[in-house]
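What follows is one structure encoded as structure tokens, with my remarks underneath.
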Amino acid sequence: MSPHLTLCNARLPRWLLSGLGIAADEALVRIEIAAGRVASIKAEAASHPRAAGSELWDLEGALVLPSMVDAHLHLDKAFTLERMGEVQPGLLGAIDAMMVDKAQWTAADVRRRAGQGLQWAYEAGVSHARTHCDWWEPEAQPVAWNVLKELAQEWAGKLVLERVSLIPLHLYEDRSLALKLASQVAASGPGALLGGFVHSTNWSAAALRNLFEAAQAHDLDVDLHVDEELNPAAQGLATTAALLKELSFKGRVVCGHTCALAAQPLDQAMRTLDAVAQAPITMVTLPVTNLLLQDAQTGSTPRQRGLTLVKEARERGIPLLVASDNVQDPFCPLGSFDPLEALTTGVAAAQLNPAFDLWSDSVCRSDWLRREAGALPLQTGAVANLIIFPQANACGFPSRTQRRVVLRAGRVSNGEPLAAWFNPCIERSAA
């Protein structure tokens, strides 16, 4: 493939067109790539000057997205379900099954399973992934923590892998231990975040304060499992927003799950979201796992669903991402480390329309995980990491997106070559 590539008649989502300053009614664009980076993105016109030596392909309106982010994974647990017996329904039953299996984990076992997950994510077009790592013992660093660090180093240049220490909230009740845990996470190198499992079964406002103060002391961002339940009395998200304001927290905080919002009285939930909108918080919804775990009872059809209030969060300008969560473990028997699989479930369960033009940002905006949010994932000067969906259309998205062409730094990294789907672009001279 030529180092200078031009994609003609590409269909970008409207949220991206708006950010690029291209009118929404300019449905198709031309993306010019040089030396692995985006040289220009312009509305398609009757004629364009052709760059010398450029290889031109006519995408004929095919959908194009930036490479994806999977903001909430559990690579340490992936692919463990096949070796387990019967798992009791619900979140706490899955935790019990996982604790039994985890006692047998070795570095080689974690490396094999997590490595397979990363390969699947890479093939799907993920360029930024964040995995949680169970950290349940106060004095012992989990075997998976350093394995995931090694994998992050090995995959550098292909995808960014961040690690979150998933620590139960009760371990933060002792302030000195909270500071020690944060120190260990900070010392483990770049890409590490302090995390916590915040649930009504372990609720402690004092412990949550210690968590944030310890993170602040060690300049760590935070990523929480919070209110992953349908208990309307859950206080994790509301208390998080209040604490961040009180502490003038400088880092970025991600709150995953927040299912309890959907079970609370509407005025209470809206007050919480109003406070979240004023805090440095990104919300992450995990539709596949939460639909399977919440209101789960043997022999009964679930009546309550586990989604958080995604539309209400978006209305308030709260950054919101959709992610895969658990894959083929006791928490979720499904999954393939493809964020579009999670988005497909979210589109159906939460009625997210239009999915391509509005909601596809929820699997592309890795900048929403960082302190300095705001940079578009596809713009002039950015690395040309793109995904082309030859068989999909904007109306039916994300249907028919399984087959895709993934470009990294302007070159096909996996999937079929452009020539398998598209023809060279025939340039027309201006009248």
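Candidates in region 164-183 are the residues that are over 25 Å from the mean Cα position of the chain (by Cα) and among the polar types (S, T, N, Q); of these, the one that is surrounded by the fewest Cβ atoms within 10 Å (Cβ to Cβ) is 176. Among the residues of region 240-262, those identified as open to solvent by 30 Å² or more (accessible area, probe 1.4 Å) and assigned to a helix (DSSP H, G or I) are 242, 245, 246, 247, 262.
Kindly check whether there is at least one residue in region 24-39 that is touching a His at 6+ places or on another chain (Cβ under 7 Å), open to solvent by 10 Å² or more (accessible area, probe 1.4 Å) and modelled with pLDDT of 95 or more. Yes, region 24-39 contains at least one residue that is touching a His at 6+ places or on another chain (Cβ under 7 Å), open to solvent by 10 Å² or more (accessible area, probe 1.4 Å) and modelled with pLDDT of 95 or more. Can residue 414 be described as at negative phi and open to solvent by 70 Å² or more (accessible area, probe 1.4 Å)? No: the conditions fail for residue 414. Restricting attention to region 332-369, the residues that are open to solvent by 10 Å² or more (accessible area, probe 1.4 Å), outside any helix (DSSP H, G or I) and either in the same structural domain as residue 408 (by the TED database) or within 16 Å of residue 314 (Cβ to Cβ) (or both) add up to 6. Taking region 280-319 as the search range and keeping residues that are part of a strand (DSSP E or B) and surrounded by fewer than 22 Cβ atoms within 10 Å (Cβ to Cβ), which one is nearest to the chain's Cα centre (by Cα)? My answer is 297.
All conditions in (1) within 22 Å of the chain's Cα centre (by Cα); (2) closer than 26 Å to residue 216 by Cα hold for residue 247, with the sole exception of (1). Annotation: of all residues in region 222-239 being in a loop (DSSP other than H, G, I, E, B) and in contact with an Asp or Glu (Cβ under 9 Å, 6 or more places away or on another chain), the one that is nearest to residue 286 (Cα to Cα) is 230. Here 160, 126 are screened, and the one residue that is aliphatic (A, V, I, L, M) and open to solvent by 70 Å² or more (accessible area, probe 1.4 Å) is 160.
The values are calculated or read from the model by the stated rules, or taken from the named source; none is laboratory data. It should be emphasised that the depicted structure is a prediction, and the values quoted were computed from it without experimental measurement. Positions of Cβ are generated from backbone atoms using ideal geometry, with glycine treated the same way; all protein chains shown enter the neighbour counts. Calculation scope for accessible area: heavy atoms of the full protein, side chains included, ligands and nucleic acids excluded. Shrake-Rupley method; radii C 1.70, N 1.55, O 1.52, S 1.80 Å.
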